[in-house]
Amino acid sequence: MTDTSTDPVADSVPERCPVSDLATDYDIFDPDYVRDPVPAWTELREACPIAHTGRYGGSWLPTRYEDLQAMARMVPVLSSKSPIVIDMPRELIQEGGTGYNAAAPISADPPEQGWTRRALLPHFTPRAIAPQTEYTEKLCNALIDGFIDNGGCDAAVDYAQQIPPRVIAQKLGVDEDMVDDFIEWVRGVLELGLQQPELRAKYRDIIRAYFAEQVADRRINPGDDLITALCQTEVDGELLPDEVVIGMCNLQLVAGIDTTWSSIGSALWHFAGHEDDRRRMTAADDDLWDTAVEELLRFYSPVTMARNAAEDVEYGGVTFRKGDKILMNFPGANHDPDVFENAGEVVLDRQRNRHIAFGAGIHRCAGSNLARMEMQVALRTWLERIPEFTLSDPGAVTWAGGQVRGPRILPVTFG
Ligand code: HEM
């Protein structure tokens, strides 16, 4: 089992005081909320469907599906230029002087969002990700070979966390042996760095410098990979500038890793504790796998993105002031009982499931085909080889949250 006692990016985080009133003081980093946010969303949806907090620079938290759908379409008045749930202090924001965006299309508004997104989409069609499917199947089997004889493992650290970084490295055409670095960098930016801006800036700069080197290399030595393809992409008759390609690679790494490992980890956590669902899936056909993956995405939606009001705007009885942060609580929307029957239950064969785990509107996830494939292959392979497993120490399970929610320590034993 991997030793996590000397975590290279873990550090102290600011102390917090208890929540006085969810509607005016919610805390997205409260350990209870991170472990299980559903009761807070249920309470807020009834009492105050668009809540506010002054914590972490202040933000708004919508909880109703209808509101999330509407807000995702309020473009560009709800701007995506700073989609992280806590803004960087001004002095740490990197201007770069190029005018280009550090993580387009996710951190861009139209028209920049449109042309950067269009440059990416052809590389994430079901056909374009076929090589990654074969690769993922082999990878999952090799990972399981590494621990199956031990009678147990950390299903987050030794399995879920190992898959997306290798798959995206293979697609980008970068060194898969650097996967431990990629994990450290992404956690530094998106998890531990959320409340520690210096840490976030440090890893942001490391990732940028790494891809600057890779892009410079591909301009001279083209390969058969996504970085080369982006280097060769033309918009309006001109090649994408280096800074744009670097930003897009940064986004692939950050958006492609934490999200998908969280989804795989949450699903394994679910199966470890729900024997009926686990046994049902060990005998599942393709149709059941398709609905089950969607349901696990709905129930354990990992990703909350953010917007900032570009001007004063009224919506749903509240006024977002210019600059206000709005948390795109897609996970909360997916638990809205007005839209999902038995919203609080995992229904593996749920037929009507218009979840928004991948977002909605113009920023809807560009990597959803890849994410679904990785989830399905990872979970099917695990259950084929390890049909019986349980949590070995439920008290040792830890969850990360805020921007991307999922288990980070998940010890299991195989029976
Ligand atoms: C289960 C895994 C994943 C989940 C739940 C997820 C979720 C999301 C969500 C909610 C958004 C919308 C962001 C917003 O509205 O601001 C998004 C955007 C995006 N995702 Fe994913 N994602 C996953 C995996 C991936 C993967 C594997 C990739 C590719 C490597 C990827 C690439 C992107 C990109 C490029 C965007 C930006 C699209 C745009 O702004 O036009 N995602 N994702």
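Coordinate-derived values only; no laboratory data. Model, not experiment: these values are computed from the prediction. Positions of Cβ are generated from backbone atoms using ideal geometry, with glycine treated the same way; all protein chains shown enter the neighbour counts.
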Give a residue-ordered list of calculated ³J(HN,Hα) values for segment 186-203 (Karplus: 6.51 cos²θ - 1.76 cosθ + 1.60, θ = phi - 60°; whole Hz; x for Gly, Pro). 5, 5, x, 7, 9, 10, 6, x, 4, 9, 10, x, 5, 5, 4, 5, 4, 6
Please give the net charge around Pro111, taking every other residue with its beta carbon less than 13 angstrom from that of Pro111, where Lys and Arg add +1 and Asp and Glu add -1. -1
So which residue, out of Arg208, Arg35, Arg280, gets the largest mean-square fluctuation from a GNM of the chain using Cα contacts under 10 Å as springs? Arg280
For segment 129-145, what does the Karplus curve 6.51 cos²θ - 1.76 cosθ + 1.60, with θ = phi - 60°, yield as ³J(HN,Hα) per residue in whole Hz, taken in order and with x for Gly and Pro? 9, 4, x, 6, 5, 4, 4, 5, 4, 5, 4, 4, 5, 5, 5, 5, 3
What is the chain's relative contact order, in percent, from Cα pairs under 8 angstrom and six or more apart in sequence? 25
Take the Cα pairs of segment 154-234, get the Kirkwood Rh, then feed it into Stokes-Einstein at 10 °C and 1.306 mPa s and tell me D in µm²/s. 115
In whole µm²/s, the translational diffusion coefficient that Stokes-Einstein assigns to segment 37-170, given a Kirkwood hydrodynamic radius over C-alpha pairs, 25 °C and 0.890 mPa s, equals 127
Net dipole in debye of segment 314-397 [+1 Lys, Arg Cβ; -1 Asp, Glu Cβ; about Cα centre; nearest 20]: 440
Take every Cα pair under 8 Å in segment 371-415 that's 6+ residues apart, average their separations, divide by the length, and report that relative contact order as a whole percent. 37
Which of Asn329, Met71, Asn342, positive extreme of dipole for segment 22-414 (C-beta unit charges): Met71
So what is the diffusion coefficient of segment 335-415 in µm² per second by Stokes-Einstein at 20 °C and 1.002 mPa s, using a Kirkwood Rh over Cα pairs? 136
Let me know the charge dipole size of segment 22-414 about its Cα centre in debye, to the nearest 20, where only the beta-carbon of Lys, Arg (+1) and Asp, Glu (-1) is charged. 660
Which percent of Cα-Cα pairs in segment 22-414 sits in each 20 Å bin, short to long? 28, 60, 12
For Lys138, which aspartates and glutamates qualify as cross-link partners when the Cα separation must be under 17 Å and same-chain residues fewer than eight apart are set aside? Asp158, Glu176, Asp177, Glu374, Glu384
Placed amide H near Cys153: partners under 5 Å, 5+ positions off or other chain: Val412
In whole Hz, the Karplus estimates of ³J(HN,Hα) for segment 118-127 (6.51, -1.76, 1.60; θ = phi - 60°; x where Gly or Pro) are 4, 5, 8, 3, x, 8, 10, 6, x, 5
